[in-house]
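One structure is given here, and the rest of the page talks about it.
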């Protein structure tokens with residue numbers, strides 16, 4: 001299912017509302033399954049971002065367009081800066097997960 005989500009996320013054409021709901025639902029189910037199968041040792045918002053980055057093979061620099069600056073990304077990942085509502089919205093859209101994943 002993760003591979004399917006990666007293929008769907010790589011598709012740069014606009015998705016229909018139904019497909020967007022499907023992707024969101026599938027993402028939530030995969031995350032729930034993985035949490036039950038192997039709970040993350042760090043379930044903080046920073047831990048969620050790190051996990052999602054690792055799953056997608058992303059680096060900190062890849063989040064700069066989403067978050068705004070290298071230092072902001074670094075502060076979030078180190079846990080020194082909380083993830084605000086607007087940043088959570090942008091991360092949720094980028095990773096195709098619910099905003100609550102970052103609270």
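The values are calculated or read from the model by the stated rules, or taken from the named source; none is laboratory data. What you see is a predicted model; the values in this text were computed from it and never measured. Positions of Cβ are backbone-derived with ideal geometry, glycine not excepted, and every protein chain shown enters the neighbour counts.
Look at residue 19 and say whether it is assigned to a helix (DSSP H, G or I) and loosely packed, with under 15 Cβ neighbours inside 10 Å. The answer is yes for residue 19. Apart from one condition, residue 51 fits all of (1) without any contact (Cβ under 8 Å) to a residue 12 or more places away in the chain; (2) surrounded by fewer than 15 Cβ atoms within 10 Å (Cβ to Cβ); the exception is (2). Of all the residues in the stretch 44-60, those that are in contact with a helix residue (DSSP H, G or I) (Cβ under 8 Å, 6 or more places away or on another chain) and part of a helix (DSSP H, G or I) number 10.
Being in a helix (DSSP H, G or I), on the phi < 0 side of the Ramachandran plot and at pLDDT below 85 narrows it down to one residue among 63, 91, 31, 77; which is it? Only one candidate qualifies: 31.
Give the residues of the stretch 89-103 that are free of Cβ contacts under 8 Å to residues at least 12 places away in the same chain and surrounded by 14 or more Cβ atoms within 10 Å (Cβ to Cβ), sorted by residue number. Once the filter is applied, which keeps residues that are free of Cβ contacts under 8 Å to residues at least 12 places away in the same chain and surrounded by 14 or more Cβ atoms within 10 Å (Cβ to Cβ), the stretch 89-103 yields only 92.
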